[in-house]
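Here is the structure we will look at.
Throughout, read-outs are computed from the coordinates displayed, never taken from laboratory work. Remember, it's a predicted structure, so these values are computed and weren't measured experimentally. Here the Cβ positions follow ideal geometry from the backbone for every residue, glycine too, while neighbour counts run over all protein chains shown.
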Amino acid sequence: MTWQRICRTEEVQPPYPLARVISNTGHARDHVCVVARDDGSYAAMLDRCPHRNIALSGGVVADGALVCPGHFWRFSLEAGHRIDLPEYSATLYPTRVIDGWVEAQIPAAPEQVSLRQWLLEQARAHQDH
């Protein structure tokens, strides 16, 4: 994994997350949001709530948590877990600031396979059973 520039620090306006599309692979990982923590550091995360796939960037930061705009779930900006139900987590990425840029380590997009290749793989998997 490599560090990827997401935005300039001045683009993040607390208490609101900043949404960014970082590539066009067609996968959820293309959508990232960046928030400013109370201590002045930044957190980058997948811009999707694990509950209903709602963009977290539509929410607001309050008391060290990102509040989802869908059903008001509150996610810790330190660990990513839901404050009251830690078994649910938003996806946080390692984040740093270099020369005024917020950078994050975003996992690579899964390799695209053709429909034909996928069907062949499924058929082979079922033959083994």
| message | among the charged types (D, E, K, R), over 17 Å from the mean Cα position of the chain (by Cα) and surrounded by 10 or more Cβ atoms within 10 Å (Cβ to Cβ): which single residue out of 103, 121 fits that description? | response | 121
| task | Restricting attention to segment 24-46, report how many residues are out of contact with any Lys or Arg (no Cβ under 8 Å at 6 or more places or on another chain), under 25 Å from residue 112 (Cβ atoms) and not in a helix (DSSP H, G or I). | result | 6
| task | Scan segment 1-28 and report the pairs whose first residue is in contact (Cβ under 8 Å) with a residue 12 or more places away in the chain and whose second residue is exposed (fewer than 15 other Cβ atoms within 10 Å of the Cβ) and of a type in the set (Gly, Ala, Ser), with Cβ atoms within less than 6 Å and a gap of 6+ or a chain change. | result | 8/100; 9/100; 25/109; 27/109
| said: Would you confirm, using the coordinates I've provided, whether residue 86 is part of a loop (DSSP other than H, G, I, E, B) and within 15 Å of residue 49 (Cα to Cα)? | reply: yes
